[in-house]
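The values are calculated or read from the model by the stated rules, or taken from the named source; none is laboratory data. No experiment lies behind these values; they were computed from the predicted model shown. Note that each Cβ is placed from the backbone with ideal geometry, even for glycine, and that neighbours are counted across all protein chains shown.
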Amino acid sequence: MDLNTWHLLLAQAPGQQPQGWTSMVMFIPIILMVVFMMFSQNKKSKQHAKLLSTIKPGDKVLTTSGIIGTVVSVREKEKIVTIRSADAKLELTLSSVADITERGTQKSDS
């Protein structure tokens, strides 16, 4: 619908003040959309925080910049993860990890 259609639908008789509810009708879908986006973003950020708390050495990760590497160490206090990718060893912030592509295998000493 274009703007002219809205004017025709909400048109008033000449000389009358527009009703207050007519402008509110247009804002309700916008408000609902913003609230929906806020809730979905909160859900996504909680899932990402849970993912970051489970990173351990040996996991293969994908960073936000597209680097794929294996986690060498995780320093929780500084929120730094060290990964090895091909011939490079990189220290990145923990938040730069986008996804864990493969879980590392834990070797038990039994």
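Things worth noting here:
- Selection count where residues are within 12 Å of Ser96 (Cα to Cα) and assigned to a helix (DSSP H, G or I), scope region 52-75: 1
- Neighbours by Cβ (under 9 Å, 6+ apart or cross-chain): first from region 79-98, part of a helix (DSSP H, G or I); second of a type outside the set (A, V, I, L, M) and surrounded by 15 or more Cβ atoms within 10 Å (Cβ to Cβ): Ser96/Thr63
- The listed residue being at pLDDT 90 or above and surrounded by 14 or more Cβ atoms within 10 Å (Cβ to Cβ), out of Ile55, Ile30: Ile55
- Per-region count, region 40-73, residues more than 10 Å from the chain's Cα centre (by Cα) and at negative phi: 23
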